[in-house]
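The values are calculated or read from the model by the stated rules, or taken from the named source; none is laboratory data. Because the structure is predicted, anything quoted here is derived from the model rather than measured. Heads up, the Cβs are rebuilt from the backbone with ideal geometry, glycines too, and the neighbour counts pull from every protein chain shown. The accessibility values were calculated without ligands, DNA or RNA, using every heavy atom of the protein model including side chains. Shrake-Rupley method; radii C 1.70, N 1.55, O 1.52, S 1.80 Å.
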Amino acid sequence: MKKKKIAVLFGGYSTEYQVSLQSAYAVITHINQEKYQVILIGLSKETGQWFWYQGDPQRIQEDTWLRAEDCTPVYVPTDRNVQGLFYLDDEKIQILSLDQVLPILHGKNGEDGTVQGALALSALPVLGCGVLSSALCMDKELSHRVVAQQGILVPRSFRLEKPYDAQMVSACTKSLGYPLFVKPVRSGSSYGIARVEKEEEVFPAIEQAFLHDTIVILEEAIEGREVGCAVLGTKVLQTGEVDEIVLSQGFFDFTEKYTLKTSKIQVPAHVSKEISETIKKTACVIYQALGCSGFARVDLFLTEDNQLYFNEVNTIPGFTAHSRFPNMLKAAGYTFEEIIEQILEEQP
């Protein structure tokens, strides 16, 4: 059988570049090489330039991959008949033919619909969420609006853009109460997010959040447990076991997500079978309402009286050793190889 040519995109012009390297390495090393020909496409952290990387995959994990001898610049064509990427060889345009593209990019310029849009122009099939769902899920405010229309609870929030009025901010914080969260609307891995306990912390947190986006939200803190659900598929959906973040202090920020210094992930979550099924069903409703496809992780809050509040959807969740998405599916009986196989066999 002819092997499918799968381009795996890694790196990216993003603050989450390093996380992408670890996730991509895990994915690359678990792809069935007898069935798929893997084409490695690295995106520079400094410029966003795309490179066809032909060196040792281990160098991706070590972040030593970007070397002239191993990398050939490639370009996304706007000709929909090309079915691949352009590169130069002896000053002649050549085509690196591809069957499908799997972006393992986190955060801005990768998970937000931008890369998916560029590939859509060239008619290259992209695995995972498309342009609209990627952009919508990255926007914490707009995704909450859509999910709320499904009758699912969402935290109350207020939107800020510069210049903002200090008195209006004070009125918003009084309405929400403390503690509250200050968040960039479009960022991942908890970059720029702060849990604010008192008034004097609000404005420094807002300014910090504005370093990551041009829009910031003030959001009420939902007192409850953070739970999640991995979802696979497009028309027929499958879910992993529900997980739960067990915190000893603070909130699940970037450091905790990738080191678990003072927290742990409990999978399956310590909830009843009935509550677990409700979480899975709610996750699937959210997934479909936001137009997700292929795979994603849906995060929610579970309160003491068993109410569910929507938090966010990660359209390209992490695949590292600590990552929740593969571990939830493993708890449901999938091997890592089976997870990747299912993603690669899903029709874009």
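Conditions (1) farther than 24 Å from V19 by Cα; (2) without any contact (Cβ under 8 Å) to a residue 12 or more places away in the chain; (3) open to solvent by 20 Å² or more (accessible area, probe 1.4 Å); (4) of a type in the set (F, W, Y), marked per residue:
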position	(1), (2), (3), (4)
V285	yes, no, yes, no
F319	no, no, no, yes
E337	no, no, yes, no
Q342	no, no, yes, no
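Are any of the residues in the stretch 174-181 exposed (fewer than 15 other Cβ atoms within 10 Å of the Cβ), out of contact with any helix residue (DSSP H, G or I) (no Cβ under 6 Å at 6 or more places or on another chain), among the charged types (D, E, K, R) and under 21 Å from C292 (Cβ atoms)?
Looking through the stretch 174-181, none of the residues is exposed (fewer than 15 other Cβ atoms within 10 Å of the Cβ), out of contact with any helix residue (DSSP H, G or I) (no Cβ under 6 Å at 6 or more places or on another chain), among the charged types (D, E, K, R) and under 21 Å from C292 (Cβ atoms).
Would you pick out the residues in the stretch 151-160 that are surrounded by 11 or more Cβ atoms within 10 Å (Cβ to Cβ) and farther than 18 Å from E223 by Cα? First the steps, then the outcome.
Initially, the stretch 151-160 is screened for residues surrounded by 11 or more Cβ atoms within 10 Å (Cβ to Cβ), giving 152-160.
F158, R159, L160, listed by residue number.
Restricting to the stretch 179-207, count the residues that are part of a loop (DSSP other than H, G, I, E, B) and without any contact (Cβ under 8 Å) to a residue 24 or more places away in the chain. Break it down into steps so the answer makes sense when it comes.
Filtering the stretch 179-207 down to residues part of a loop (DSSP other than H, G, I, E, B) leaves 179, 185-193, 197-198.
From what is left, the residues that are without any contact (Cβ under 8 Å) to a residue 24 or more places away in the chain are 192, 197-198.
Number satisfying all stated conditions: 3.
Has the stretch 203-219 got at least one residue that is buried (at least 16 other Cβ atoms within 10 Å of the Cβ), among the small types (G, A, S) and touching a Leu at 6+ places or on another chain (Cβ under 8 Å)?
No - not one qualifying residue is present in the stretch 203-219.
Does the stretch 154-167 contain any residue that is among the aliphatic types (A, V, I, L, M) and more than 30 Å from L302 (Cβ to Cβ)? Spell out the reasoning first.
Residues of the stretch 154-167 among the aliphatic types (A, V, I, L, M): 154, 160, 166.
From what is left, the residues that are more than 30 Å from L302 (Cβ to Cβ) are 166.
Scanning the stretch 154-167 turns up at least one residue that is among the aliphatic types (A, V, I, L, M) and more than 30 Å from L302 (Cβ to Cβ).
Let me confirm something: among K273, K280, which residue is under 20 Å from K330 (Cα atoms), open to solvent by 10 Å² or more (accessible area, probe 1.4 Å) and either in contact (Cβ under 8 Å) with a residue 24 or more places away in the chain or aliphatic (A, V, I, L, M) (or both)?
Working: K273 fails: either in contact (Cβ under 8 Å) with a residue 24 or more places away in the chain or aliphatic (A, V, I, L, M) (or both).
The unique qualifying residue is K280.
Between residues in the stretch 76-92 that are open to solvent by 50 Å² or more (accessible area, probe 1.4 Å) and residues that are in a loop (DSSP other than H, G, I, E, B), which pairs lie under 6 Å by C-beta distance while being six or more apart or on different chains?
R80/A123; F86/P77
Just to verify a result, which residue in the stretch 94-150, among those that are hydroxyl-bearing (S, T, Y) and more than 18 Å from D213 (Cα to Cα), is surrounded by the fewest Cβ atoms within 10 Å (Cβ to Cβ)? Outline the logic, then answer.
Within the stretch 94-150, the first condition is being hydroxyl-bearing (S, T, Y), and the residues that meet it are 97, 114, 122, 133-134, 143.
Retained after the next criterion (residues that are more than 18 Å from D213 (Cα to Cα)): 97, 122, 133.
Details: S97: 12, S122: 20, S133: 24.
Residue satisfying both the conditions and the ranking: S97.
Being crowded, with 17+ Cβ neighbours inside 10 Å and within 27 Å of the chain's Cα centre (by Cα) is the filter here, so list the residues in the stretch 62-71 that pass it. Break it down into steps so the answer makes sense when it comes.
As a first pass, look at the stretch 62-71 and keep what is crowded, with 17+ Cβ neighbours inside 10 Å: 65-66, 70-71.
Within the stretch 62-71, W65, L66, C71 qualify.
When both residues are 6+ apart or on different chains and their Cβ atoms are under 7 Å apart, which pairs have a first residue that lies in the stretch 162-175 and is without any contact (Cβ under 8 Å) to a residue 60 or more places away in the chain and under 10 Å from L218 (Cβ atoms), and a second that is part of a helix (DSSP H, G or I) and open to solvent by 80 Å² or more (accessible area, probe 1.4 Å)?
As it stands, the answer is T173/E199, since those pairs meet every condition given.
Considering only the stretch 60-173, give the strands (runs of 3 or more DSSP E) lying wholly within it that have at least 3 residues that are within 23 Å of E207 (Cα to Cα). Before you say what the answer is, go through the steps one by one.
Working: elements: 71-73, 84-89, 92-97, 100-103, 157-161.
The strands (runs of 3 or more DSSP E) meeting that bar are 157-161.
Which residues, taken from the stretch 292-322, are over 25 Å from E223 (Cβ atoms) and in contact with a Gly (Cβ under 7 Å, 6 or more places away or on another chain)?
S293, G294, F295, T315, I316
Could you tell me whether the stretch 15-30 includes any residue that is touching a residue at least 60 places away in the same chain (Cβ under 8 Å), in a loop (DSSP other than H, G, I, E, B), open to solvent by 70 Å² or more (accessible area, probe 1.4 Å) and closer than 15 Å to I316 by Cβ?
Yes; the residues of the stretch 15-30 include at least one that is touching a residue at least 60 places away in the same chain (Cβ under 8 Å), in a loop (DSSP other than H, G, I, E, B), open to solvent by 70 Å² or more (accessible area, probe 1.4 Å) and closer than 15 Å to I316 by Cβ.
Return the total of residues in the stretch 238-247 being hydrophobic (A, V, I, L, M, F, W, C) and buried (at least 18 other Cβ atoms within 10 Å of the Cβ). Before the answer, list the steps.
Step one: of the stretch 238-247, the residues hydrophobic (A, V, I, L, M, F, W, C) are 242, 245-247.
Right, trim to buried (at least 18 other Cβ atoms within 10 Å of the Cβ) and you get 242, 245.
Summing the residues that are hydrophobic (A, V, I, L, M, F, W, C) and buried (at least 18 other Cβ atoms within 10 Å of the Cβ) in the stretch 238-247 gives 2.
Only one residue in V131, V115 is without any contact (Cβ under 8 Å) to a residue 24 or more places away in the chain and either farther than 24 Å from Q54 by Cα or touching a Leu at 6+ places or on another chain (Cβ under 7 Å) (or both). Which one? Steps first, answer last, please.
On the way: V115 fails: without any contact (Cβ under 8 Å) to a residue 24 or more places away in the chain.
After ruling out the rest, the residue left standing is V131.
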